[in-house]
Amino acid sequence: MSASEDQSDVERVLLGDIAAFEGIVHRWQGPLINLAYRFCQDRGRAEELAQEAFLRCYRALRQWRRDAAFSTWLFALATNLYRTELRRIPPRTQSLDDIAEPADARVFDEGLEDRDRDLVVRRALVALPGKYREVLILFYFHDMDVAAAALSLGLPEGTIKARLFRGREILRSKLPQMLAAPRLKEA
Amino acid sequence: MKRRIGQDEDEIDRMLELLPEILPSAGFTSSVMNAIRLEAAAPPPIMFPWKRALPGLVAGAFALALVVVVTVVAVRSSQPITASSLSFSSFMSTFRVQERLEGAASWTFLALVVTFVSVKLSMRLAASQA
């Protein structure tokens with residue numbers, strides 16, 4: 001993704017060439033939809049959220065200060081929107097506390113298809129308390145970059161690290177049970 | 001190789017980092033651009049008519065100041081403030097018997113009328129221009 005392309009397209013849009021915004025949409029639709037999808041685990045809703053993020057981006061384009069990368073500004077805007085919208089209408093989740101303890105603590109990568117495991121991990125992520133979920137989503141979305149996650153969430157890096165640690169702890173305690181659950185049903 | 005989640009610190013990182021990605025649906029870009037074009041074509045929001053509202057606002061501020069001044073004058077010209085006169089009932093009874101009450105009420109009424117007329121005039125002017 002080229003920062004100069006973003007800057008050039010933004011300048012053109014601000015001069016009235018609306019078609020130039022299509023370049024921005026082309027470059028960032030994948031990341032914005034996938035970020036939304038990690039928040040809500042619903043493809044349709046993820047696209048709706050991403051579309052709203054692009055619309056807000058268009059409205060607020062003049063507020064982008066060139067001292068930060070366009071992508072940083074865009075992700076912060078989108079993250080803020082996704083968090084607000086998902087607090088308003090939360091995704092359907094099963095609370096982590098409702099997950100029963102399995103009879104034996106099985107290894108989590110034994111016998112489960114990758115697809116099933118991905119599904120379970122995604123569900124576990126969405127079921128986390130909001131403040132940990134947001135940090136984990138942003139951290140892994142930004143290729144484990146604490147600074148980028150902090151910029152997107154508008155939080156200090158120390159807070160990100162603390163929540164990351166706690167979020168991982170919760171996942172570590174719950175994932176083996178969640179991963180074992182489908183096999184127990186089959187048995 | 002069997003790994004238990006509590007034994008491998010990197011396992012959660014690995015699983016969360018490799019979450020599958022989805023591709024945007026075919027019509028996503030055009031849908032966004034349609035929304036953007038609609039947004040761009042929408043007329044700009046109507047600005048508040050500050051110039052037209054200014055007389056009404058000034059008159060309102062003047063009326064409010066007048067009410068405050070009249071009230072302060074009326075209270076000061078009543079009994080000197082004592083501990084007993086600070087209660088609401090004693091204040092009201094004192095206030096009621098003051099000769100200046102009529103004058104204060106008249107000024108207050110006049111101020112309210114001026115405010116009402118100013119606001120109505122401003123609204124009518126704004127409506128006729130819209």
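Each value in this text was obtained by applying a stated rule to the coordinates, not by laboratory testing. Being a predicted model, the structure only gives us computed values, none of them experimental. Ideal geometry is used to build each Cβ from the backbone, glycine not excepted, and the neighbour counts take in all protein chains shown.
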With the label point 7 Å along the Cα-to-beta-carbon line of B:Leu121 and a cut-off under 18 Å to each amide N, the hits in segment B:48-64 are B:49-64
Taking r as the C-beta separation of A:His26 and A:Ala147 and R0 as 25 Å, the FRET efficiency to the nearest 0.05 is 0.40
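Calculate the mean, over all residues of peptide B:29-41, of how many other protein chain Cβ atoms lie within 10 angstrom of the residue's Cβ.
Details: counts 5, 2, 5, 16, 7, 1, 5, 13, 3, 1, 4, 5, 1.
Mean partner shielding for this stretch: 5.
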Each residue of segment A:57-69 in turn: what ³J(HN,Hα) in whole Hz from Karplus with 6.51, -1.76, 1.60 and θ = phi - 60°, glycine and Pro shown as x? 4, 4, 5, 9, 4, 5, 7, 6, 8, 5, 6, 10, 4
Karplus-derived HN-Hα couplings along segment B:20-35 (A = 6.51, B = -1.76, C = 1.60, θ = phi - 60°), whole Hz, x at Gly and Pro: x, 9, 9, 9, x, 5, 4, x, 5, 4, 5, 5, 5, 5, 4, 5
By the mean-Cβ-within-10 Å protection proxy, highest first, A:152-162, A:168-178, B:42-52 rank as A:168-178, A:152-162, B:42-52
Distance in nm between B:Leu38 and A:Asp67 label points, each 7 Å along Cα→Cβ, equals 3.7
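Nearest 0.05, what FRET efficiency do B:Glu17 and A:Ser8 give at R0 = 35 Å with Cβ-Cβ as r?
E between B:Glu17 and A:Ser8, to the nearest 0.05, is 0.65.
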Phi-based couplings in Hz for segment B:45-58 (Karplus 6.51, -1.76, 1.60; Gly and Pro marked x): x, 5, 6, 5, x, 4, 4, 6, 7, 4, x, x, 5, 4
